[in-house]
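The values are calculated or read from the model by the stated rules, or taken from the named source; none is laboratory data. Model, not experiment: these values are computed from the prediction. With ideal geometry, Cβ positions are generated from the backbone for all residues, glycine too; neighbour counts draw on all protein chains shown. For accessibility, only protein heavy atoms count, side chains too; no ligands or nucleic acids. Shrake-Rupley method; radii C 1.70, N 1.55, O 1.52, S 1.80 Å.
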Amino acid sequence: MKTTKNYFLFLILTLGIGLFSASCSSSDNSSNDDNDPPPPGQKEFIISPSQTTIKVNETVSFIAKYEGNVIKDIQYLVNGTGIEADNFTFTETGDFKVQAKKSTGEMSNTVTISVFKDDDEINNATKFQHRVLVEDFTGAWCQWCPLVAYDIEQLEKTDGEKFQAIAIHNEDPFDFFKRDRQAFEREVGVDGYPFATINRNLNFREDPSKVVDLHKEFSTIGIKIDSEVYASDGIIQIGIKFGEDYTGGLKYAVFLLEDHLLYKQSNSTEYYRDLPRQGNYSLDFEHNNTLVGMANGFKGSDIASSVSVKGGEFLKTDIYFTHKAANLDNTKVVVIVTNMNGEVLNVAVAKSNTKQDYQVVR
């Protein structure tokens with residue numbers, strides 16, 4: 001599909017066929033009138049545990065933040081039952097869900113604490129949490145792109161633990177990696193918008209439910225993340241553990257995403273009609289999973305074949321990156337592992353400035 005030289009002319013020309021076509025062209029060569037700076041994101045109420053994978057009878061402490069500030073006037077809940085302090089000793093094995101509740105009733109994010117009987121059970125683990133990757137190639141100028149955003153939102157409500165989405169923006173205030181993005185689009189085969197892939201080898205729009213179908217009970221690739229994210233850059237440490245041999249070669253890539261970015265969105269779909277309108281734009285559209293930082297490109301870096309064997313562990317402690325996030329409280333680190341053909345094998349996600357261990361599956 002040819003790119004347009006003027007998006008607004010394109011919009012006028014396509015109004016007559018908008019009801020019969022659900023695609024937009026790429027605007028890479030267009031003059032862009034939407035050069036406003038990205039707006040600040042909304043605030044989040046988040047909790048962070050001192051660790052997420054522990055042995056029985058060990059204690060985990062929790063920190064709660066709102067608008068980036070530590071808050072104390074809250075109650076923590078373990079599997080829905082309130083506890084008295086900001087720490088808890090887990091006396092049984094299992095997976096435990098922890099949240100915090102403000103006096104207003106507002107609930108925080110949920111973190112999972114996995115409790116094992118001993119170090120051997122943890123260190124010898126060969127099964128880890130599995131996630132599918134959805135990459136959404138989108139733009140605020142694209143009138144049909146909310147179709148993909150809506151499908152992702154619905155999946156997040158029902159199966160949010162099974163996948164992670166990355167919204168890769170084109171020619172709008174969130175297009176921070178234009179050259180890398182253009183090269184990646186050519187490789188993936190983006191020929192018009194909206195365009196979205198599952199694990200970089202399936203068309204998301206053809207059947208979004210494939211995300212759930214492709215989710216596995218476990219992966220034999222585990223990923224741990226420890227991040228320090230500052231105003232415009234950061235350092236990430238990762239570990240990748242292998243429960244079987246991967247002799248064909250692997251790569252890893254590291255991204256920073258931001259949620260709750262409010263910006264107008266061209267919208268000819270039936271969705272989001274409750275938002276205020278200006279012409280064909282939905283105002284204050286909430287852009288989530290927005291790519292705002294990237295450490296080593298979309299394709300990533302090689303993992304040494306000497307460690308990608310059963311029982312092996314790849315460690316990288318000095319991954320530097322820059323970012324354009326508006327609100328660090330709304331950011332998260334995503335690490336993907338692919339084979340040499342580019343197919344995504346596993347994904348892990350962790351809130352920024354937290355430490356997340358391997359998510360072991362029993």
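Key figures
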{"quantity": "Fraction of accessible area attributable to carbon and sulfur, segment 255-326 (%, probe 1.4 Å)", "calculated": "47 percent"}
{"quantity": "Furthest towards positive pole of dipole, G342, A149, Q237, structure part the chain, Cβ charges", "calculated": "G342"}
{"quantity": "Karplus-derived HN-Hα couplings along segment 321-336 (A = 6.51, B = -1.76, C = 1.60, θ = phi - 60°), whole Hz, x at Gly and Pro", "calculated": "8, 10, 8, 10, 5, 8, 9, 4, 4, 9, 9, 8, 9, 10, 10, 10"}
{"quantity": "Percent RCO, i.e. relative contact order, over the chain, from Cα pairs under 8 Å lying at least 6 residues apart", "calculated": "20 percent"}
{"quantity": "Under-5 Å amide H pairs with N170, H placed in peptide plane, nonlocal only", "calculated": "T138, G139, A140"}
{"quantity": "Rounded to whole Hz, the Karplus (6.51, -1.76, 1.60) HN-Hα couplings of segment 160-167, x for glycine and proline", "calculated": "x, 7, 9, 8, 9, 9, 10, 9"}
{"quantity": "Within a Gaussian network of the chain (alpha carbon springs, distance under 10 Å), most fluctuating of K332, K127, K216", "calculated": "K216"}
{"quantity": "Where L147, L291 fall by accessible area, highest first, once all protein chains stay in place (1.4 Å)", "calculated": "L147, L291"}
{"quantity": "Dipole magnitude (debye, nearest 20) for the chain, charges at Cβ of Lys, Arg, Asp, Glu", "calculated": "260 debye"}
{"quantity": "Cα-derived Rg over Rh, computed across segment 246-362 with Rh taken as Kirkwood radius", "calculated": "1.10"}
{"quantity": "For Y150, solvent-accessible area (1.4 Å; no DNA, RNA or ligand), Å²", "calculated": "70 Å²"}
{"quantity": "Cα gyration tensor shape for segment 90-180, rounded if a/c is under 1.5, else prolate or oblate", "calculated": "prolate"}
{"quantity": "Enclosed volume per residue, in Å³, of the convex hull spanned by Cα atoms of the chain", "calculated": "135 Å³"}
{"quantity": "Karplus 3J(HN,Hα) series, Hz, for segment 87-96 with 6.51 cos²θ - 1.76 cosθ + 1.60 (x for Gly, Pro)", "calculated": "8, 8, 9, 8, 9, 10, 6, x, 10, 10"}
{"quantity": "Longest segment of the chain lacking GluC sites (Glu not before Pro) that sit in a DSSP loop with at most 16 other Cβ atoms within 10 Å", "calculated": "107-205"}
{"quantity": "When the convex hull of its Cα atoms is projected in every direction, mean area for segment 287-351 (nm²)", "calculated": "5.5 nm²"}
